[in-house]
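The values are calculated or read from the model by the stated rules, or taken from the named source; none is laboratory data. This one's a predicted model, so the numbers in the text were calculated from it and none came from an experiment. Heads up, the Cβs are rebuilt from the backbone with ideal geometry, glycines too, and the neighbour counts pull from every protein chain shown.
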Amino acid sequence: MKGLIGKKIGMTQVFNDEGNLVPVTVVDVSTCQVVGKRTPEKDQYSAVTLGFGEIREKVLNQAQRGFFKKNSAALRRHLKEFRVTPEDAAQFNVGDAVKADLFTKGQLVDVTGTTKGRGFSGVMRRWSFKGSQTKTHGTHEYQRHPGAIGQRKTPGRTYPNKKMPGHYGVEQVTTQNLTVVDVDTEKGLLLIKGAVPGHNDAIVYVRPSVKVALRAQHKASRG
């Protein structure tokens with residue numbers, strides 16, 4: 001399996017084996033379950049669909065009800081498809097629970113989530129601009145202005161992708177190479193070092209680190 005769906009519970013602190021105090025994010029992965037599979041014979045690729053979080057049937061639309069009924073799977077609120085090899089897919093059946101012990105203590109993981117929404121923000125908050133260092137001469141809040149955003153007649157426009165004020169947050173972000181400090185299989189919890197994207201109770205996706213796998217492949221290819 002290539003990952004788990006989880007819910008961000010919040011942050012706390014724990015002592016590691018060396019006695020150092022480490023800030024960790026607690027992620028609940030207790031209700032992950034296989035609700036569907038893709039096969040190369042039928043779908044031209046191999047994948048496993050995981051479900052997370054309970055939901056009442058009347059909340060689902062007709063297409064969602066049909067999906068769960070067709071696969072004879074338990075109802076789940078959040079779904080995520082993970083690409084796997086046919087050999088890995090053969091190890092899982094619909095209805096199997098995928099637990100926190102998929103990851104081990106000390107393993108590096110990538111966590112994907114949606115960042116907190118911060119509304120319409122200026123350039124100092126959105127892009128970390130330094131702000132104007134000159135005197136305002138009475139101009140209202142000039143010190144937080146972006147400054148010049150282009151030239152005059154040539155080209156006579158503002159270039160695309162110019163960093164300007166605008167909506168900040170609510171973007172999908174992946175934080176890479178985070179360390180799993182501890183795994184609580186009984187409660188279905190992962191303790192991940194550092195911060196992960198999103199607010200408390202946000203849905204996140206935890207996968208093994210991509211860079212670690214690529215680094216291992218590169219090392220093996222070089223012999």
Report summary line: By residue number, the members of the stretch 59-96 that are in contact with a Ser or Thr (Cβ under 8 Å, 6 or more places away or on another chain) and of a type in the set (Lys, Arg) are 76, 80, 83
Query raised in the report: Looking at 76, 65, which one is basic (Lys, Arg), under 26 Å from residue 198 (Cα atoms) and without any contact (Cβ under 8 Å) to a residue 60 or more places away in the chain?
Result: 76
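Among the residues of the stretch 37-58, write down those that are of a type in the set (A, V, I, L, M) and more than 25 Å from the chain's Cα centre (by Cα).
The answer is none; no residue qualifies.
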Query raised in the report: So which residues in the stretch 16-31 are of a type outside the set (A, V, I, L, M) and at negative phi?
Result: 16, 17, 18, 20, 23, 25, 28, 30, 31
Report summary line: Per the filter on the stretch 96-112, residues assigned to a loop (DSSP other than H, G, I, E, B) and farther than 15 Å from residue 7 by Cα are 96, 103, 104, 105, 106, 107
**Report entry** Answer from 102, 108 - the residue that is touching a helix residue (DSSP H, G or I) at 6+ places or on another chain (Cβ under 7 Å), among the hydrophobic types (A, V, I, L, M, F, W, C) and closer than 18 Å to residue 28 by Cα
**Finding:** 108
Query raised in the report: Within the bounds of the stretch 61-80, is there any residue that is closer than 21 Å to residue 209 by Cβ and not small (Gly, Ala, Ser)?
Result: yes
Query - Inter-residue pairs, beta-carbon under 7 Å, first aromatic (Phe, Trp, Tyr) and in the stretch 103-132, second outside any strand (DSSP E or B) and surrounded by 15 or more Cβ atoms within 10 Å (Cβ to Cβ), 6+ apart - result: 120/165; 129/123; 129/146
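Results for (1) touching a His at 6+ places or on another chain (Cβ under 9 Å); (2) assigned by TED's automatic domain parsing to the domain that holds residue 32; (3) among the charged types (D, E, K, R); (4) not in a loop (DSSP other than H, G, I, E, B), shown as yes or no for each residue.
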| site | (1), (2), (3), (4) |
| --- | --- |
| 155 | no, no, no, no |
| 158 | no, no, no, no |
| 163 | no, no, yes, no |
| 181 | no, yes, no, yes |
| 197 | no, yes, no, no |
| 201 | no, yes, yes, no |
| 204 | no, yes, no, yes |
| 215 | no, yes, yes, yes |
| 218 | no, yes, no, yes |
**Report entry** Check on residue 174, hydroxyl-bearing (Ser, Thr, Tyr), at pLDDT 95 or above and within 21 Å of residue 52 (Cβ to Cβ)
**Finding:** yes
Query raised in the report: Looking only at the stretch 120-140, which residues are part of a loop (DSSP other than H, G, I, E, B) and either in the same structural domain as residue 197 (by TED's automatic domain parsing) or polar (S, T, N, Q) (or both)?
Result: 128, 132, 133, 134, 136, 139
Requested in this report: Report, by residue number, each residue of the stretch 1-30 that is among the acidic types (Asp, Glu) and over 17 Å from residue 114 (Cα atoms).
Outcome: 17, 18
Query raised in the report: What's the number of the condition residue 171 fails, among (1) among the charged types (D, E, K, R); (2) in contact with a Ser or Thr (Cβ under 9 Å, 6 or more places away or on another chain); (3) buried (at least 16 other Cβ atoms within 10 Å of the Cβ)?
Result: (3)
Report summary line: Selection from the stretch 141-153 of residues in a loop (DSSP other than H, G, I, E, B) and not basic (Lys, Arg) yields 141, 145, 146, 147, 148, 149, 150, 151
